[in-house]
Amino acid sequence: MENRITAKTIKVQDKSFQIHKTDARTACWLFSYFASKSSGMILSGLGSLTKSEFDEIQSLALKQVFTLDTSEGNTFPISIISPRDGSIIDKDLAEDPALLFHITSESLLFQLAPFLVAKKESTEP
């Protein structure tokens with residue numbers, strides 16, 4: 001059995017972000033929800049969400065994302081959203097909707113990755 005990848009680091013606009021997996025039940029719900037809302041491409045379902053649905057999905061995705069702050073040879077993950085009220089803490093993300101959407105999409109795709117595995121071709125008739 002392969003080890004489950006529970007975090008990944010991405011670099012966007014000279015900043016490093018670490019994305020963590022959500023719990024399995026939330027990932028299953030996200031996949032089911034997007035499968036019912038999408039038309040082929042899984043994230044196309046984002047376009048059919050109401051504002052409150054989008055806010056809930058985006059909050060779930062962004063709770064899993066941390067900015068990696070490196071100082072004195074140490075790296076510290078810093079949450080990009082406030083646990084208190086869900087506001088965006090990272091100033092760059094708060095002021096750049098394209099960057100925020102990119103990070104949201106990266107997090108959602110990481111959460112949904114286990115469901116998006118291509119089927120293996122069978123050699124049996």
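Taken together, the values in this text are just the output of simple stated rules run on the coordinates, not laboratory data. Given the structure is predicted, the values throughout are model-derived calculations rather than measurements. Cβ coordinates were reconstructed from backbone atoms using ideal geometry, including for glycine residues, and neighbour counts include every protein chain displayed.
When the Karplus curve 6.51 cos²θ - 1.76 cosθ + 1.60 is applied with θ = phi - 60°, which whole-Hz ³J(HN,Hα) does each residue of the stretch 17-34 get, with x for Gly and Pro?
10, 10, 10, 9, 6, 7, 5, 4, 5, 5, 4, 4, 5, 4, 4, 4, 5, 5
If you compute Rg and Dmax of the Cα atoms in Å for the structure shown, which of (1) 20.3, 60; (2) 23.1, 69; (3) 16.2, 60 do you land on?
(3)
Residue by residue through the stretch 51-56, what is 3J(HN,Hα) from phi via Karplus (6.51 cos²θ - 1.76 cosθ + 1.60, θ = phi - 60°)? Round to whole Hz and write x for glycine and proline.
The phi angles translate into 4, 5, 5, 4, 4, 5 Hz.
Under the rule of -39500 (n - 2.57) per DSSP H run of 4 or more residues, summed and divided by the residues of the chain, what mean residue ellipticity at 222 nm is obtained, to the nearest 500 deg cm²/dmol?
-11500 deg cm²/dmol
Under the rule of at least 5 residues apart or a separate chain, name every residue whose amide H is placed under 5 Å from the amide H of S16.
Result for S16 returns L68.
Quote the relative contact order of the stretch 21-93 in percent (integer), defining contacts as alpha-carbon pairs under 8 Å separated by 6+ residues.
16
Given the Cα-Cα distance of E53 and F101 and 0.36 nm per residue of separation, how much length would full extension add, in nm?
Stretched out fully, the E53 to F101 stretch lengthens by 15.8 nm.
First select every other residue whose beta carbon is under 11 angstrom from the beta carbon of S82; then total the charges, Lys and Arg +1, Asp and Glu -1.
0
Hey, can you grab everything whose amide H is under 5 Å from the amide H of I80? Only 5+ residues off in sequence or another chain; H modelled, so Pro and N-termini drop out.
Excluding prolines and chain starts, which carry no amide H, the hits are V65, T67.
With +1 on each Lys and Arg Cβ and -1 on each Asp and Glu Cβ, and nothing else charged, work out how big the dipole of the chain is about its Cα centre, in Debye to the nearest 20.
Its charge dipole is roughly 340 debye.
Express in nm, to one decimal, how much length is gained between S16 and A94 on full extension, taking 0.36 nm for each residue of separation and deducting their alpha carbon distance.
Residue separation times 0.36 nm, minus the Cα-Cα distance, leaves 26.5 nm.
Let me have the relative contact order for the chain, percent, based on Cα pairs under 8 Å that are six or more residues apart.
Contact order relative to length: 22 percent.
Out of L68, L93, S52, whose Cα points farthest toward the positive end of the dipole of the stretch 7-114 (charges: +1 Lys, Arg; -1 Asp, Glu; placed on Cβ)?
Checked the options; the winner is S52.
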